[in-house]
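Each value in this text was obtained by applying a stated rule to the coordinates, not by laboratory testing. What you are looking at is a predicted structure, and each value in this text was computed from that prediction instead of being measured. Quick reminder, even Gly has a Cβ in these numbers, built from the backbone with ideal geometry, and neighbours come from all protein chains shown.
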Amino acid sequence: MGGGGGGDGRRRRPSAGGGGGGGGRGGGWRSGSSAAKDQRLRLGAEELLESRLGFAPYTDSERRLGWLLTFSPSSWEDEDTGKIYSCVDLYFVSQDGSTFKVKYKFPPYFYAATKDKMELEVEAYLRRRYEGDIADIEIIEKEDLDLVCALL
């Protein structure tokens with residue numbers, strides 16, 4: 001396994017359950033670790049700065065129309081469990097000129113190449129070995145971007 005080509009071009013895309021930022025069962029950073037404390041301090045400082053710059057987090061349940069200005073990888077802390085998860089900060093501007101930010105949580109993923117005809121065996125091993133840590137495994141075909149029509 002590993003990145004890059006090889007094999008018949010099939011790749012596995014296991015999605016880790018629970019989020020990024022840390023390892024172990026259940027995903028997320030362990031709440032008592034030094035890295036988790038540093039991460040929380042950094043997140044708090046970033047939130048404060050962005051609020052002062054006009055990008056306060058939008059938390060209302062009512063829908064709001066906005067145009068996406070930019071996005072940035074970020075982290076999100078679940079206040080119930082204290083775990084930190086991967087997310088993307090989406091920055092919007094409304095028609096009236098006001099700005100806001102939304103956090104979109106997503107499961108992290110990666111690609112792994114396998115040898116020819118070994119996809120199912122690798123999938124079974126990953127599911128056994130990382131039971132409870134992997135949300136899903138999807139077998140996909142690798143696209144050859146050198147082909148002229150690949151980008152059309």
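A few comments on the model shown:
- Translational diffusion coefficient (Stokes-Einstein; Kirkwood radius from C-alpha pairs) of region 64-144 at 4 °C, 1.567 mPa s, in µm²/s: 80
- With neighbour counts taken as other beta-carbon atoms within 10 Å, the residues Trp67, Trp76 rank, fewest first, as Trp67, Trp76.
- Burial ordering of Ser75, Ser98, Ser34, fewest other beta-carbon atoms within 10 Å first: Ser34, Ser98, Ser75
- Ala135 long-range amide H proximity, modeled H, under 5 Å: Ser15, Ala16, Gly17
- Footprinting exposure proxy ranking of Lys101, Lys142, fewest other C-beta atoms within 10 angstrom first, gives Lys142, Lys101.
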